[in-house]
1. At 0.36 nm per residue, minus the direct Cα-Cα distance, what do Tyr57 and Asp99 gain on full extension? Give it in nm, one decimal, please.
2. Rounded to the nearest 0.05, what FRET efficiency do Gln90 and Leu37 have when you use their Cβ-Cβ distance and R0 = 25 Å?
3. I'd like the Karplus ³J(HN,Hα) series for region 102-119: coefficients 6.51, -1.76, 1.60, θ = phi - 60°, whole numbers in Hz, and an x wherever there's a Gly or Pro.
4. Under Stokes-Einstein, with the Kirkwood radius over Cα pairs standing in for Rh, what whole-number D in µm²/s applies to region 64-119 at 25 °C and 0.890 mPa s?
5. By average Cβ neighbour count within 10 Å, what is the ranking of 57-69, 101-113, 85-97 from highest down?
6. Once both labels are modelled 7 Å past Cα along the beta-carbon direction, what's the Thr113-Ala76 spacing in nm?
Amino acid sequence: AAAATAATTSAAPAAPAANTTAPAPGAASAGKSRPVLAQFKVLTYNLLADKYATGGYHGYCPAQHLEWGGRSARLAAELAAYDADIVCLQEVEDRVFADELQPWFRARGLAGTYLARQS
């Protein structure tokens, strides 16, 4: 299973409120205004692919923090805590995306795309 990038976005981005405006820079006294831009949060996160976590590269780290079974719940909780609108993940294995991440994101109203690493 190759490491890859997965990206998720809100299924239905919130539309800005109707007629929401702010003064244009330097034009407040002239009565001109510009639309207020919507804000959103973007998160990028490296999951550490299992093949790298268990390949002996991280001998300094306790085993319970490297095994996917121990990491997946903590990672899900951390991703949820960030409450991002757009999530970009690195080192995602296809099985993990299909079996765990895609259902987790769908349950939160997010849509995801898996892109296998290009060599």
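Every number in this text was worked out from the coordinates using simple rules, so none of it is lab data. Model, not experiment: these values are computed from the prediction. With ideal geometry, Cβ positions are generated from the backbone for all residues, glycine too; neighbour counts draw on all protein chains shown.
1. 12.6 nm
2. Using R0 = 25 Å, I get an efficiency of 0.35.
3. Values, residue by residue: 4, x, 5, 5, 4, 4, 9, x, 10, 10, x, 9, 9, 10, 5, 4, 9, 6 Hz.
4. Estimated diffusion coefficient is 201 µm²/s.
5. Ranking the peptides 57-69, 101-113, 85-97 by packing returns 85-97, 101-113, 57-69.
6. Label-label distance for Thr113 and Ala76, simple model: 2.6 nm.
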